[in-house]
Structure formats: C-alpha cells, structure tokens
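The values are calculated or read from the model by the stated rules, or taken from the named source; none is laboratory data. Source: prediction; values computed, not measured. Cβ placement follows ideal geometry from the backbone for every residue including glycine, while neighbour counts extend to all protein chains displayed. Side chains are part of the model used for accessible areas, which takes the heavy atoms of the whole protein and leaves out ligands, DNA and RNA. Shrake-Rupley method; radii C 1.70, N 1.55, O 1.52, S 1.80 Å.
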Amino acid sequence: MTIAGGLDARNQVVASLENLGIEIDTVPAKAGFITRWHFAGPFPRVSGASWEDSLDKVSVNEPNVDLDESYAVGDKALKWVRYVGNQGTVDLQKLFDPNTSVSVYAYATVVLSEDEELLLKIGSDDSYKCWFNGQAVGEYAGNRAWAADQDTLEIKGKKGVNIVLLKTTQGTGKWAFSAKLTDASNAPIKPWMK
C-alpha cells in the first residue's frame, strides 16, 4: 500500500506531540467533528460499476471490522492505519494513492457520557455508506463535491463506547469526507475519542 503525503511519518509526529500533551485535534473536536480514525484501503472499484454497486461491494467484514485484520489487494496486504486530523475534513486524496476509482473504510470509536438522541452529519466526495454501532444509518450513492453537513442522520448514542464505520467511494478528482456529532438542537457534541 502506498500512502501519499507520508501518513506513517505524520503518525510519528502526532504520537510525539501527544506524548508531550499536545493534541492537534482540539479545535475541530470541540466543534463536534470526529477526528480520530483508523483507515483501511484503498480498495479498487469495479470498472464501470454504478455508485450503488460500488457501495455494496464488501471489502472488509462490514460492519463488524477487526482492526488487527489485513486484506489482500493484488500482491499487497492492506492493514488498518491510525489517523488523527487537525481539521474537520479528511482529505483522502492527499492520504491515499491510488486515489481514483477506489474506496476506503474509516473506523472511529466515540465515548459518550450518557444515552442520547444525536445527529451524525456527513459530508462526502463522492459516495458513502455509514454504520453506527453496527446498524446501517445512511448512505449517498452518487458523484458530488464535498461540503460540510450534506446529510444529517438521526442516531441513538449510548453511554460508553459507540462505533462509527464509514465507507467512502471515489471516482476522480477531489476526495474527502467529514463526520460531526451534534445534539438534536445542533449543538456540537465533543465525544471522547480513542
């Protein structure tokens, strides 16, 4: 797997900063953005496949993934890679190569202090499918440019650990996504993220 932009080196810098008590994701996390992810990919899309077919093609054991698992793609073994973002939007085009006609999975755990009705706001370029605590909660099948909060998904958060799994598919050009948690009145929820 080739990851453009030096994700491994970036992770070493982030880990060094965290060891010093510096968290690079404080500002976007206060705004409710999920900033700590594990990625698996990129997985090739079937040539000529529709957006729906691309979303339905299973490349990992969705929605119950194992972060210790690896996946054969050609002669390579893809593993889950940790990522901590310093902004709400994740620019997948800068992180992954190849970044045309592919898909990537993003996995996050968020810890909530109580059970509550939440809104999960997704922005994507291009398609996505999302699971929350193992349940499919939303998808968009098509080609579009990223914008914040394009889709609002109503979810039931539980006290303790909650799991977000997001699959994004890419055609050509820019490729990004964002995921933000708010309460029912749109006030940001700052979950604790592992």
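A simple spin-label model places the labels of Ala77 and Ala49 2.4 nm from each other, with each point 7 Å out along Cα-to-Cβ. Listed values for region 133-149 are Karplus-derived 3J(HN,Hα) couplings in whole Hz (6.51 cos²θ - 1.76 cosθ + 1.60, θ = phi - 60°), namely 6, x, 9, 5, 10, x, 7, 9, 10, x, 9, 7, 7, 5, 8, 5, 6, and x replaces Gly and Pro. Averaged over its residues, region 42-194 has an accessible area of 47 Å² per residue, based on protein heavy atoms and a 1.4 Å probe.
Extending 7 Å from the Cα toward the beta-carbon at both Glu114 and Val58 defines two label points whose distance is 3.8 nm.
Here the ratio of the Cα radius of gyration of region 85-186 to 2.2 N^0.38 Å is 1.06. Shown is the FRET efficiency for Ala184 and Asp66, computed with R0 = 35 Å from the Cβ-Cβ distance and rounded to the nearest 0.05: 0.60.
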